[in-house]
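Notes to accompany the following structure.
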């Protein structure tokens with residue numbers, strides 16, 4: 001199959017490596033010529049260009065740009081494509097993207113591969129990044145079955161676990177397990193670092209260990225990414241945050257009223273619930 | 001030196017291994033005879049007994065029982081000791097312990113070695129557990145310098161980093177970096193697991209990855225330990241929780257009002273603050 005990939009970073013580059021290994025012909029598009037050259041040198045693409053018009057003949061396009069560029073990229077892209085071309089994206093928020101693109105391109109299906117490493121960029125691209133990782137697809141009532149089938153066929157080759165849901169369901173789910181933790185964790189760093197007693201602050205900084213390290217990790221991450229998550233998924237995230245505050249207030253109240261038995265029950269239930277989300281090795 | 005250790009678990013047992021390796025004579029006390037036997041077999045103590053009266057001749061006693069047993073243990077212990085014996089404890093909260101014991105025993109100094117593993121009990125005891133780990137000491141204005149010097153001399157042999165502070169300063173510091181994270185993290189699990197839409201909940205459980213895993217780790221830990229932290233350190237923890245909620249509300253407000261620039265600034269500051277607490281390897 002002829003497949004286009006727009007945006008040659010960690011996701012786009014890794015995707016190209018796998019698709020080529022399955023015999024597909026991959027055409028890459030990047031805004032920077034140097035990225036095109038690296039992608040070709042590393043075997044992520046068969047050929048690459050800085051022009052979207054180079055994708056006129058492909059059957060499927062994966063849009064792997066940063067989240068904020070997906071809609072403008074697709075808007076420009078569709079001026080070059082025949083109506084039969086299937087477009088899918090890999091953005092981490094789905095509702096605004098699906099809502100913006102669907103009216104203008106019928107053969108579109110939103111996607112979100114839940115894979116990554118701590119690195120970014122084409123140099124970080126690795127084979128088999130998507131193996132055994134979740135890959136969410138959000139076909140709507142107007143998505144042609146043939147478009148879904150085409151994308152599914154490709155993703156099955158990546159050996160990902162495919163999940164189907166509505167864009168809004170995806171956004172609320174990732175808000176719970178990905179975007180809310182960032183804000184919860186950022187508020188922790190923020191509160192601790194604004195302790196006004198210098199001696200206590202120094203002591204806290206010196207005594208912090210694995211518990212603080214783990215709980216604060218995602219709150220100390222890339223600020224642009226955190227902002228982008230919140231901006232594009234603000235409705236679902238606000239809902240999660242309000243629910244979260246309710247549960248936090250419940251804990252505060254139990255401690256305030258010294259209701260130690262209920263506090264322990266609450267912590268017992270969180271201990272029991274966590275393994276449903278986290279399968280420790 | 002003749003040294004007594006009461007409570008032969010991970011901390012007491014590991015302490016015994018190190019003290020014996022430095023030539024001290026270590027007498028252990030445990031409530032269970034089987035623990036005494038294991039401790040002797042593993043070389044954590046020279047001899048062990050289930051009776052506090054066996055410590056009559058030691059110069060220093062380390063009280064390594066669970067937090068809630070420290071005060072009653074010391075209350076009984078001092079009926080057997082000459083007034084010259086130095087007592088120290090390893091409890092993770094200091095104010096209530098120091099306040100309860102100081103009026104009854106002048107040669108007491110509160111301590112808190114910030115070391116541990118995921119395991120508990122005498123079988124988990126290992127050598128060099130305290131090397132390069134913080135060890136907090138909380139002498140008060142009435143603690144004799146000789147008592148402090150005796151304990152410091154021993155801890156220096158463990159190669160710990162010693163920090164001195166008031167019991168209240170210790171409790172506020174550990175509340176920030178150890179007890180608050182537990183509640184923040186527990187509220188996250190609690191909020192996520194009570195999503196009412198079954199499909200979204202299943203999806204969230206299937207999509208949860210490293211971000212959720214790390215942020216939720218300490219909130220899914222031992223419920224008795226979490227309750228005990230809160231019970232014994234409730235004043236400092238309540239203060240931390242109220243501050244935390246203030247910072248959380250600030251984030252919620254920025255997202256609610258779509259103030260993306262200020263949100264990014266806030267996330268930039270948490271990114272900059274975290275390394276003051278966490279020294280990644």
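The values are calculated or read from the model by the stated rules, or taken from the named source; none is laboratory data. In this text the structure is predicted, and so the values were computed from the model without any measurement. Cβ atoms come from the backbone with ideal geometry, glycine included; neighbour counts cover every protein chain shown.
All but one of (1) under 18 Å from the mean Cα position of the chain (by Cα); (2) at the interface with chain A (Cβ under 7 Å from one of its Cβ atoms) hold for residue B:233; state the number of the condition that does not hold.
Of (1) under 18 Å from the mean Cα position of the chain (by Cα); (2) at the interface with chain A (Cβ under 7 Å from one of its Cβ atoms), only one is false for residue B:233: (2).
Return only the number of the condition from (1) in contact (Cβ under 8 Å) with a residue 40 or more places away in the chain; (2) closer than 26 Å to residue B:34 by Cβ that residue B:98 does not satisfy.
(2)
Identify all residues within region B:190-206 that are facing chain A (nearest Cβ under 7 Å) and assigned to a helix (DSSP H, G or I); write none if there are none.
Of everything in region B:190-206, those that are facing chain A (nearest Cβ under 7 Å) and assigned to a helix (DSSP H, G or I) turn out to be B:190, B:191, B:192, B:193, B:199, B:200, B:203, B:204, B:205, B:206.
Here are A:273, A:224, A:250: which of them is free of Cβ contacts under 8 Å to residues at least 60 places away in the same chain and either out of contact with any helix residue (DSSP H, G or I) (no Cβ under 8 Å at 6 or more places or on another chain) or under 19 Å from residue A:186 (Cβ atoms) (or both)?
A:224
Before we move on, is residue B:264 surrounded by fewer than 20 Cβ atoms within 10 Å (Cβ to Cβ) and part of a helix (DSSP H, G or I)?
Spelling it out, residue B:264 is indeed surrounded by fewer than 20 Cβ atoms within 10 Å (Cβ to Cβ) and part of a helix (DSSP H, G or I).
Specify the residue that is nearest to residue B:152 (Cα to Cα); the eligible residues are those in region B:36-57 that are assigned to a helix (DSSP H, G or I) and in contact with a strand residue (DSSP E or B) (Cβ under 8 Å, 6 or more places away or on another chain). Spell out the reasoning first.
The first filter runs over region B:36-57 and keeps only residues assigned to a helix (DSSP H, G or I), leaving B:36-41, B:52-55.
Next cut, in contact with a strand residue (DSSP E or B) (Cβ under 8 Å, 6 or more places away or on another chain) only: B:36-37, B:39-40, B:52, B:54-55.
Details: B:36: 27, B:37: 29, B:39: 25, B:40: 26, B:52: 24, B:54: 24, B:55: 20 Å.
Applying the filter and picking the extreme gives B:55.
Looking at the structure I just gave you, is residue A:222 surrounded by fewer than 17 Cβ atoms within 10 Å (Cβ to Cβ) and more than 8 Å from chain B (Cβ to nearest Cβ)?
Criteria not met by residue A:222.
Output the number of residues of region B:207-222 satisfying the condition of being out of contact with any strand residue (DSSP E or B) (no Cβ under 6 Å at 6 or more places or on another chain), modelled with pLDDT of 95 or more and in a helix (DSSP H, G or I).
Adding up the residues that qualify gives 8.
May I ask you to list the residues in region A:93-120 that are in a loop (DSSP other than H, G, I, E, B) and either modelled with pLDDT of 95 or more or buried (at least 23 other Cβ atoms within 10 Å of the Cβ) (or both)? Reasoning before the result, please.
Applying the first criterion (in a loop (DSSP other than H, G, I, E, B)) to region A:93-120 yields A:93-94, A:102-107, A:114-120.
Residues satisfying the conditions are A:93, A:94, A:102, A:103, A:104, A:105, A:106, A:107.
How many residues does region A:236-255 hold that are within 27 Å of residue B:235 (Cβ to Cβ), within 8 Å of chain B (Cβ to nearest Cβ) and exposed (fewer than 14 other Cβ atoms within 10 Å of the Cβ)?
Number of matching residues: 1.
Is there a residue in region A:156-166 that is more than 22 Å from residue A:105 (Cβ to Cβ) and part of a helix (DSSP H, G or I)?
For region A:156-166, residues more than 22 Å from residue A:105 (Cβ to Cβ) and part of a helix (DSSP H, G or I): present.
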